[in-house]
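Participant: To start, I am sharing the structure in question, which I have written as structure tokens.
Read-outs throughout are calculated quantities, based only on the coordinates presented, and are distinct from any laboratory measurement. Keep in mind that what you see is a predicted model, and the values were worked out from it rather than measured. Heads up, the Cβs are rebuilt from the backbone with ideal geometry, glycines too, and the neighbour counts pull from every protein chain shown.
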Amino acid sequence: MNSSQTVLARAAFYLAFGSAVAILLSIAVSQILLGLAIAALLLSGARLRIPPIWWPLGLFMAGTLIALALADHPAVGLPQVRKFYVFLMLPVVFSTIRDRLSVRRLLLSWGAVGALTAAWGVVQFVHKLHQAHALGRNFYEYYTSERITGAMSHWMTFGGEEMFALLMLGAFLFFGPERSVRRLWPWCIAAGLLLVALVLGETRSIWLATLVAGLYLIWAWKKWVVALIPLLLALAVLAGPPSVRQRVASFVRPRKDIDSNEFRVVTWRTGLRMIEKHPWFGVGPEEVRLEFNDYVPADVPRPLPNGWYGHLHNIYLHYAAERGIPTMLMLMWLLIRVLVDFWRALGKLPPGPGDERFVLRGAIAAVIATMVAGVFELNLGDSEVLTMFLVTVACGYTAIATAAQKEPAGG
């Protein structure tokens, strides 16, 4: 590789790094940097590397294109084809960020930037308290549809991003190579800010997903700490503002037209009817929102409960209804393949903390969280959340590669 190619390769690295971090602040900036990283990488002559999940990913994309071609209104689904651009983040990060130190710096940058946006989210929460008081509104009723968004445009996106940053930072604190308390305390503060923002965000699917993934990390770190989790959760709920306690109670006692339990049941039942009528290729990308009313079960009373009916609020039902059961199964194959690959790689690592261990533990937790949150929300349909998911997967496979380089010959 000549000097100009080396410069382009380094540029591709910095651009990819910047794109992966900028997603916490601006999707426009992130995608511009991604485009520049792709150009620099191709011009450098470097080989484009793809993690060993290209079969399920490729078949998922192919299924999307087939569903689009067979849809009643193909032009409506073109935004889903344009979203393929986001998937380029996976090979770009895997091809440019190839050593353990760079991966660590990237994931810690998520923690630092995430903590800053979390702090801004806390400021937003205080501001909304004052707004509700000034308007003479009940805060819980006001806040449920006006939650904090950090640097994002929607609370679901903000919660999903903060969740990824927190899980990876938690994995670093538990399993990373740095064990000095003097150097870890700033990251403990950052994790605390992320956790506070998640609690104040009051997005229940994010709470549940973070709890399940966090239990995995804590169990792998110190099993006895898991026994303290119920007490810690109870203290967090009691110490939090009243709206947090009301939101927790809404899991089992939802308030009509305020909490989202009823409308999600309607979307899920409607999705099942779509799948029943179109099991192979679905109704077409982006057409769920157009045909929703035609598939609402007859026994559902009108008007429908308050909520957003533009998608099915479940990645498994939505992709099956939109693109067919086979395409949804390709997504499941991808998720399970990633978990299996990372779990097997963990078993081959030498004992003790290290970069590969924290990256793989954190990546497994992030995938678990994605799968849990996906039961209640179309999280992978959100470009910002999808970007962080793809970067996490790329970092996990980079950790597998760097661990393999350390193995002795014949190991």
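Participant: What's the center-to-center distance, using Cα atoms, between the range 359-401 and the range 308-335 in Å?
Facilitator: 16
Participant: Right, next: Would you mind classifying the chain by shape? Square roots of the alpha carbon gyration tensor eigenvalues, ordered a ≥ b ≥ c; an a/c under 1.5 is rounded, otherwise it is prolate if a/b is larger than b/c and oblate if not. Working shown, then result.
Facilitator: On the way: a/c = 1.69, a/b = 1.17, b/c = 1.45.
Note, shape of the chain comes out oblate.
Participant: With a/c under 1.5 counting as rounded, go ahead and sort the range 174-287 into rounded, prolate or oblate using the C-alpha gyration tensor (a ≥ b ≥ c being the square roots of the eigenvalues; past the cut-off, prolate if a/b is larger than b/c, else oblate). The partial results should precede the final answer.
Facilitator: Details: a/c = 2.66, a/b = 1.70, b/c = 1.56.
Taking the square roots of the gyration eigenvalues as a ≥ b ≥ c, the range 174-287 is prolate.
Participant: So, one more: Sum up the charges of everything whose Cβ sits under 13 Å from the Cβ of Trp280, counting Lys and Arg as +1 and Asp and Glu as -1, but leave Trp280 out. Kindly include the intermediate steps, with their values, before the conclusion.
Facilitator: Numbers: positive: Lys277, Arg323; negative: Glu276, Glu322.
Taking every other residue near Trp280 into account, the sum is 0.
Participant: For a test of the definition: using alpha carbon positions, the gyration tensor, and the 1.5 limit on a/c, classify the range 77-118 as rounded, prolate or oblate.
Facilitator: Oblate, since a/c reaches 1.5 and b/c is not below a/b.
Participant: Here's another thing I want to ask about it. Restricting to Cα pairs below 8 Å that are 6+ residues apart, what does the relative contact order work out to for the chain? Please round to a whole percent.
Facilitator: On the way: 591 pairs, mean separation 99.4, N = 411.
Taking the mean separation of contacting Cα pairs over the length of the chain, I get 24 percent.
Participant: First measure r as the distance between the Cβ atoms of Gln131 and Phe84, then evaluate 1/(1 + (r/R0)^6) with R0 = 41 Å and state the FRET efficiency to the nearest 0.05. Numbers along the way, then the final one.
Facilitator: Values: r = 40 Å, r/R0 = 0.97.
The computed FRET efficiency comes out at 0.55.
Participant: Could you let me know the centre-to-centre spacing of the range 29-78 and the range 156-177, using Cα atoms, in angstrom?
Facilitator: 26
Participant: Among the helices of the chain (complete DSSP H runs), which have Cα atoms covering no less than 18 Å along the helix axis and a Kyte-Doolittle mean of at least 0.0?
Facilitator: Working: long enough: 3-22 (28 Å, 0.98); 27-44 (25 Å, 2.34); 54-70 (24 Å, 1.69); 100-135 (51 Å, 0.61); 155-175 (29 Å, 1.37); 181-201 (30 Å, 1.65); 204-221 (25 Å, 1.30); 261-277 (25 Å, -0.54); 325-348 (35 Å, 1.23); 355-373 (27 Å, 1.16); 383-406 (35 Å, 1.03).
Qualifying helices: 3-22, 27-44, 54-70, 100-135, 155-175, 181-201, 204-221, 325-348, 355-373, 383-406.
Participant: Another one. For the chain, set up a GNM with springs between Cα atoms under 10 Å and report which of Phe158, Phe87, Phe251 has the largest fluctuation.
Facilitator: Phe251
Participant: Once the other residues with Cβ under 15 Å from the Cβ of Thr64 are scored (Lys, Arg +1; Asp, Glu -1), what is the net sum?
Facilitator: Working: positive: Arg82, Lys83, Arg323; negative: Glu286, Glu287, Glu322.
That works out to 0.
Participant: To continue, here is another question. Among the listed pairs Lys83/Lys256; Lys83/Lys222; Lys223/Lys348; Lys128/Lys223; Lys83/Lys223; Lys223/Lys406, give every one whose C-alpha distance is greater than 32 Å.
Facilitator: On the way: Lys83/Lys256 35 Å; Lys83/Lys222 40 Å; Lys223/Lys348 21 Å; Lys128/Lys223 39 Å; Lys83/Lys223 40 Å; Lys223/Lys406 29 Å.
From the list (Lys83/Lys256; Lys83/Lys222; Lys223/Lys348; Lys128/Lys223; Lys83/Lys223; Lys223/Lys406), the Cα-Cα distance tops 32 Å for Lys83/Lys256; Lys83/Lys222; Lys128/Lys223; Lys83/Lys223.
Participant: So what's the net charge close to Thr387: Lys and Arg +1, Asp and Glu -1, counting the other residues with Cβ under 12 Å from its Cβ? Please list the in-between numbers first.
Facilitator: Numbers: positive: Lys83; negative: Glu161, Asp382, Glu384.
Its environment carries a net charge of -2.
Participant: Would you order Arg302, Arg105 from fewest to most other beta-carbon atoms within 10 Å of each residue's own beta-carbon?
Facilitator: Numbers: Arg302 6, Arg105 14.
Exposure proxy ranking, most exposed first: Arg302, Arg105.
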